[in-house]
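Inspection log for the structure reproduced underneath, given as C-alpha cells.
Nothing in this text is a laboratory measurement; each read-out follows from the coordinates by a stated rule. The model shown is predicted, which means the values in this text are computed figures rather than measured ones. Virtual Cβ from ideal backbone geometry, glycine too; neighbours counted across all protein chains shown.
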C-alpha cells in the first residue's frame with residue numbers, strides 16, 4: 001500500500017512539472033519578416049514581434065520567405081540577443097497558413113501594403129572657392145606672329161594673376177589653341193587670311209574678396225576675355241549631410257501622411273535609397289572681350305558671390321498597415 005501511495009505521489013509530481021514546462025507554450029500567428037539580427041527572422045502580427053530562435057530548422061521549406069503567413073507553436077525564452085528585436089521564441093512547429101487563418105483571432109482585418117515615396121531638400125550654403133577662366137586672344141597675318149604676340153601677353157597676364165591672387169591661389173594653363181582664320185567665297189576654296197592664338201588660364205582661389213581684383217589685374221596686363229566664374233563649395237560635407245537628413249525626414253513624413261490618409265500606420269521602413277546630391281552654383285559672371293575697359297577709372301569690377309543650393313533626394317519604401 002505504501003508503495004502504491006509513493007508511485008501516485010511521483011506521478012503527481014511529474015504531471016505538475018509537465019504543467020509548469022508547458023506553461024509558456026503558445027500559438028503565434030503572423031507574417032515572416034527579416035530582422036536586424038544576423039540571419040534572424042520574426043513572426044510579426046498586430047500586437048507583437050516574436051524572434052525565431054530556431055528559424056534554420058524551417059528555412060528549407062518553400063513557403064519560408066518574407067511576408068508569408070505562418071502559425072507557430074512553441075515557447076518564449078528568457079535569453080539575450082544582439083538587438084533584442086522581438087520576444088525570443090523557440091518554435092516546436094511552424095507551418096504556412098492562409099492569410100485569413102493568420103489574422104484569425106486578432107479581431108480585425110488589417111493588411112499590409114507598401115508605399116514608395118521620394119523626399120527632396122534644398123540647403124543653401126556659402127561658397128568657399130571661386131574658379132576663373134581668363135584668356136588672351138591674339139590675331140596676326142601669320143601663325144608665328146600670332147603665337148609670339150600671345151606668348152608675350154600671356155606671360156604678363158600670368159604674372160599679374162599670381163600677384164593679384166596671392167600665394168594661396170592656383171594659377172595654371174587650362175587650354176591653348178592656334179588656328180587659321182578662313183574666308184569662304186561661293187564656288188571657291190576657303191582662303192586663309194590670318195591666324196588666331198588663344199591661351200586660357202584658370203585661377204582657383206579661396207579668397208572670394210579678390211575675384212574682382214583678379215579680373216581687373218588680368219585686363220590691365222593684356223587679357224581680353226573672361227570665359228566665366230564658377231563658385232563652388234570644397235568643404236561640402238556638412239551641407240550634404242544636412243540636405244540628406246532633411247530629404248530623409250521629408251520622405252518619412254510623406255509615408256506617414258499616406259498611411260494616415262489610408263486610415264493606417266507606418267509599420268517599418270523597408271528600404272531607403274539615396275539618389276544623389278547636386279550643387280547648383282549661383283549665376284556665373286560672364287563678359288565678352290573687354291580689353292582695358294574693366295576696372296577703368298579706378299573702379300574695381302564688382303562681384304556678388306551669392307549662395308549655393310545643395311540639393312538631395314531620397315527614395316523610401318515603407319510598409320503601411322491598413323484596415
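Structure above, values below:
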read-out: 10 Å binning of all Cα-Cα separations within the stretch 214-257, expressed as whole percents from 0 upward; value: 21, 22, 18, 17, 13, 8, 1
read-out: Cβ-derived FRET efficiency at R0 45 Å, residue 315 paired with residue 174, nearest 0.05; value: 0.75
read-out: Sequence of 63, 41 once ranked by neighbouring C-beta atoms within 10 Å, starting from the fewest; value: 63, 41
read-out: Two-site FRET efficiency, residue 262 against residue 235, from Cβ-Cβ distance with R₀ of 41 Å, rounded to 0.05; value: 0.45
read-out: Exposure proxy order (Cβ contacts within 10 Å, fewest to most) of 27, 167, 76; value: 167, 27, 76
read-out: Protection proxy ranking of 168-177, 205-214 - average other beta-carbon atoms within 10 Å, highest first; value: 205-214, 168-177
read-out: Pairwise centroid distance, computed over Cα atoms, of the stretch 57-80 with the stretch 138-215, Å; value: 74
